[in-house]
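Chemist: Got a structure for you, written out below as structure tokens; questions coming shortly.
The values are calculated or read from the model by the stated rules, or taken from the named source; none is laboratory data. The model shown is predicted, which means the values in this text are computed figures rather than measured ones. Glycine gets a Cβ as well: all are built from the backbone with ideal geometry, and neighbour counts include every protein chain shown.
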Amino acid sequence: MNHVVAVILARERRMVARMRAAGAIDQGHARTLAELGIKRGVILRRLRERAVIRQAQPDHFYLDEESWNVVRRQRRRAVSVIVAIAMALALALIFTRRAHAQSREVEGAQAASLTRPEAGSRKPEAECGRKPEPESRKPEAGSRKPEAECGRKPEARSRKPDKAESRNILRACDFVSTFRLSC
């Protein structure tokens, strides 16, 4: 499709160049299509619809330079807007992904801090239901407290986010979903 557009625009520029070369740049110097070496077709119709090529008399045409300059400015402006929108979307995508990755790192760090016992929080063995006996003896069944209370690896618990975190997560998901990404 891009190739077709490029070909059409190149043909339009060629037609305008032919009209300039022939001197058909105002109503008094209008020429016939045969004199200009131009055939009726899509390109002529497109330029006539935009008032770039105007008809002075039956079968006599001329180039309206002002209209041609306006058409070219509009095309440049349209391309600039498209490029600006594409850049804005790209930046939004980059920052969204970066923020999403940072929130995952924070969540991971929070989860890790929940599973690690703090220094000095380990209870003495006597409080865990163990007798300070030689290690060769196994403790009796049911005589020990759960390992989490002894400062050993507790079960991984997921904490429930508070209201502010929930709101931020929902906002981020809404923002991300506008770009059709998954949370």
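Chemist: Any idea which of Arg18, Arg97, Arg48, Arg11 is within 31 Å of the chain's Cα centre (by Cα) and part of a helix (DSSP H, G or I)?
Modeler: Arg97
Chemist: Check off (1) in contact (Cβ under 8 Å) with a residue 24 or more places away in the chain; (2) part of a helix (DSSP H, G or I) for Arg54 and give me the number that stays unchecked.
Modeler: (2)
Chemist: For Ser67, indicate whether it is modelled with pLDDT of 90 or more, assigned to a helix (DSSP H, G or I) and surrounded by 11 or more Cβ atoms within 10 Å (Cβ to Cβ).
Modeler: Yes.
Chemist: Return the residues of segment 25-44 that are loosely packed, with under 11 Cβ neighbours inside 10 Å and of a type in the set (D, E, K, R); say none if nothing qualifies.
Modeler: Narrowing segment 25-44 to residues loosely packed, with under 11 Cβ neighbours inside 10 Å: 28, 34, 39-42.
Matches in segment 25-44: Lys39, Arg40.
Chemist: Mind counting the residues in segment 29-44 that are closer than 16 Å to Pro58 by Cβ and among the basic types (Lys, Arg)?
Modeler: 2
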